[in-house]
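*Asks:* Could you have a look at this structure, given as structure tokens, before my questions?
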Amino acid sequence: MQSGSDTETKRHLAMVEQDLAREFSSLPPDAVHREVAKISGELLSSASFPDFVPLLTRRFAHDQLDRMAHSSSA
């Protein structure tokens, strides 16, 4: 059974993915999904307190997607 915190974390990660997909609309949505899934998975695997995972996922995924967007436009 999932705790309320797990449910909230998943909900927040879905919002992070939606926000990043809007911000990086020049990238394919599956690229955004892969980055968010990869980064959040890595963070969740070692998190003792998962409440900050969405915030950190957004920051790290944003940086990676920004690099991807700039390299694809060059």
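*Asks:* Could you work out [θ]222 nm for the chain from helices alone, using -39500 (n - 2.57) per DSSP H run of at least four and dividing by all its residues? Round to the nearest 500 deg cm²/dmol.
*Replies:* Counting only the DSSP helices, I get -27500 deg cm²/dmol.
*Asks:* Let me know the charge dipole size of the chain about its Cα centre in debye, to the nearest 20, where only the beta-carbon of Lys, Arg (+1) and Asp, Glu (-1) is charged.
*Replies:* Result for the chain is approximately 60 debye, rounded to the nearest 20.
*Asks:* Right, something else. Using the Cβ atoms and a cut-off under 12 Å, what net charge is assigned to the surroundings of His12, where Lys and Arg are +1 and Asp and Glu are -1?
*Replies:* Cβ neighbours under 12 Å give a net charge of -2.
*Asks:* In addition: With label points built 7 Å along Cα→Cβ from the Cα atoms of Ser25 and Asp66, find their separation and express it in nm.
*Replies:* Once both label points are built, they end up 2.0 nm from each other.
*Asks:* What are the membrane-span-like helices in the chain by this rule: whole DSSP H runs, Cα extent along the axis at least 24 Å, mean Kyte-Doolittle hydropathy at least -1.0? Provide the component values of the computation, followed by the final result.
*Replies:* Values: long enough: 4-23 (28 Å, -1.12); 29-46 (26 Å, -0.13); 53-73 (29 Å, -0.53).
Helices meeting the span and hydropathy rule in the chain are 29-46, 53-73.
*Asks:* Just checking my list (i) 10.5, 28; (ii) 12.7, 47; (iii) 11.7, 32 against Rg and Dmax of the Cα atoms in Å computed from this structure; which label fits?
*Replies:* (ii)
Every read-out reported here was derived from the displayed coordinates using simple, explicitly stated rules and does not represent laboratory data. Just so you know, these numbers come straight off a predicted model, no measurement behind them. Neighbour counts are summed over all protein chains in view; Cβ atoms, including those assigned to glycine, are modelled from backbone coordinates with ideal geometry.
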